[in-house]
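The block underneath contains the structure these notes are about, expressed in structure tokens.
Just so you know, all these numbers are worked out from the coordinates, no wet-lab data involved. Since this is a predicted model, take the numbers as computed values, not measurements. So basically every Cβ, Gly included, is an ideal-geometry build from the backbone, and we count neighbours across all protein chains shown.
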């Protein structure tokens, strides 16, 4: 075996190590995002939960991260860690989660509208239910006008939350609501 073969073997092994590190980093970043969304945490706090839970169970962070990403339910390891550390995180209020969900669907719809151009289309209901994937018919221009007013969202009839939203207008296809907790918004 000559020196070039040894060098080639060394570099191949080094490349594999770096690829493994990169793959581990990607899954950890994904898990941070998943936990942040599920638990209402910022990304830094989500990583602290992930790291703390992994340490408490003596498992690798990337292995726990892979479990978080590959399962729709939060792993018991995370739940147990949070149960032992109840003051560790601030749970978002229902009102905060609703506005965050509405804002998310508003951003998705704005992106869809930009892709659609001036045409009409089917947009996602912007209600506060993160599991809602129902669509509603609305012109792109009407959506643009509605979204130009802070705190206003378009939802399917019956999807508004009377405790925190004011029903502004409704027809058989959609309802316009104002979230009373939206930042910098004026009530109708």
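Here are the numbers for this structure:
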| quantity | calculated |
| --- | --- |
| Packing-based exposure ordering (other Cβ within 10 Å, fewest first) of 125, 132 | 132, 125 |
| Efficiency of FRET from Cβ geometry, residue 131 and residue 79, R₀ 30 Å, rounded to 0.05 | 0.90 |
| Per-pair calculated FRET efficiency, R0 = 30 Å: residue 30 and residue 58 via Cβ, rounded to 0.05 | 0.85 |
| Extension reserve of the residue 112-residue 97 stretch, reckoned as 0.36 nm per residue once the Cα distance is removed | 3.1 nm |
| In nm, spacing of pseudo-spin labels at residue 71 and residue 172 (7 Å Cα→C-beta vector) | 4.7 |
| Among (1) 190; (2) 168; (3) 180, the entry that matches volume of the Cα convex hull per residue in Å³ as calculated here | (3) |
| Rounded tilt (10° steps) of 43-57 against the dominant C-alpha axis of the chain | 50 |
| GNM result for the chain, Cα springs below 10 Å: residue of 37, 96, 150 fluctuating most strongly | 150 |
| Over the chain, relative contact order from alpha-carbon pairs under 8 Å, at least 6 apart, % | 13 |
| For the chain, built as a Gaussian network whose Cα springs stay under 10 Å, the top-fluctuating residue of 16, 102, 29 | 16 |
| Principal axis box of the stretch 94-179, alpha-carbon based, largest edge first, Å | 34, 23, 23 |
| For 78, 161, 176, order by how many other beta-carbon atoms lie within 10 Å, fewest first | 161, 176, 78 |
| Using alpha-carbon coordinates, inclination of helix 94-116 to the longest axis of the chain, degrees | 90 |
| The chain - mean residue ellipticity at 222 nm from DSSP helices (-39,500 (n - 2.57) per run, n ≥ 4, rounded to 500) | -18000 deg cm²/dmol |
| Whole-percent pair-distance distribution, where bins are 10 Å wide, for the alpha carbons of the stretch 3-84 | 18, 43, 17, 13, 7, 1 |
| Space enclosed by the convex hull of the alpha-carbon atoms of the stretch 37-81, per residue, Å³ | 64 |
| Gaussian network model of the chain, Cα within-10 Å springs - most flexible of 97, 169, 51 | 169 |
| C-alpha long axis of helix 3-39 to longest principal axis of the chain, angle in ° | 30 |
